[in-house]
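Data first, discussion second: the structure below is written as structure tokens.
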Amino acid sequence: MANYEQMLEQLQKKHSLEDIAENYVLPHNLSKEDEAAARKEFVELRMLRGKNMSEKEHLLSGLPGIKYRIKSYLEESHFDPPKTLGAFLKNHLQITAKKQKELAEDIGIHPSRLNRILHGKEKIGKALAYRLESHSGDLIPAIYWWKLAQMEIEHEMRTQDEERLAESPKVKTVAWPSP
């Protein structure tokens, strides 16, 4: 492979330096020590930038992150216990810097209901999914919240054999007998 200077020369034949800077990642010729120092400086700048972000900037960087984590999880199509609707909703609380009581007021539900949802003791309905969408400024679609809830319900149905067995005797007539 050509060295850095040759690569840059080839790119300059087709692109301006500004285009190259915006669209290409070029290798560096830093020593290990210089690379470590550059990495440390980068981390310090990122931390400083994070501390100096306004509330609006914090929201604008955080809410899309939740959206894409939910989207990615839903695309995996298998239930992962730590990734519940409640867990994502807790993350939403952190990003919005809201307390449970404040979020409950914002979305028009009782704080104890929100607490039950956060801890997986109660499921959400469509109306609440729509409210969560609105609360995120329409950044996180209602369908994402709904699918998270349905993924949990599907997992419960696949794994709760005791409940299935408890409900079975309540059926008076079986349409098709089991083998």
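Numbers at a glance
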| quantity | calculated |
| --- | --- |
| For the chain, built as a Gaussian network whose Cα springs stay under 10 Å, the top-fluctuating residue of PRO141, PRO81, PRO64 | PRO81 |
| Tensor-based shape of region 4-51 (alpha-carbon gyration tensor, a/c under 1.5 rounded, otherwise prolate or oblate) | oblate |
| Greater than 28 Å apart at Cα, pairs in LYS101/LYS126; LYS14/LYS71; LYS101/LYS121; LYS121/LYS147; LYS51/LYS98; LYS67/LYS101 | LYS14/LYS71 |
| Table column - 3J(HN,Hα) (Hz), region 139-146, Karplus curve with 6.51, -1.76, 1.60, x for Gly and Pro | 6, 10, x, 4, 4, 5, 4, 5 |
| Max mean-square fluctuation residue, GNM over the chain, Cα-Cα springs under 10 Å, options ASN29, ASN91, ASN52 | ASN29 |
| Value of relative contact order over region 17-171, rounded to a whole percent, pairs C-alpha under 8 Å and six or more apart | 22 |
| Order of THR96, THR159 under a 10 Å beta carbon neighbour criterion, fewest first | THR159, THR96 |
| Percent of C-alpha pairs per 5 Å bin, region 55-157, short to long | 2, 13, 26, 28, 20, 9, 2, 0, 0 |
| Stretchable slack from ALA21 to ASN91, in nm (0.36 nm times residue separation minus alpha-carbon distance) | 21.7 nm |
| Residue among HIS92, HIS110, HIS15 with the largest mean-square fluctuation in a Gaussian network model of the chain, springs linking Cα atoms under 10 Å | HIS15 |
| Identified option (computed Cα Rg over 2.2 N^0.38 Å; candidates (i) 0.95; (ii) 2.48; (iii) 1.60) | (iii) |
| Residue exposure sequence - LYS101, LYS67 - by fewest surrounding Cβ within 10 Å | LYS101, LYS67 |
| Environment charge at ARG69 (Cβ cut-off 14 Å; Lys +1, Arg +1, Asp -1, Glu -1) | +2 |
| Per-residue Cβ neighbour rank within 10 angstrom, fewest leading, VAL25, VAL43 | VAL25, VAL43 |
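Readers should treat all values here as calculations from the given coordinates under stated rules, not as data from a laboratory. On a predicted model such as this, the values are computed, not experimentally measured, just so you know. All Cβ positions, glycine included, derive from the backbone under ideal geometry; neighbour counts span all protein chains shown.
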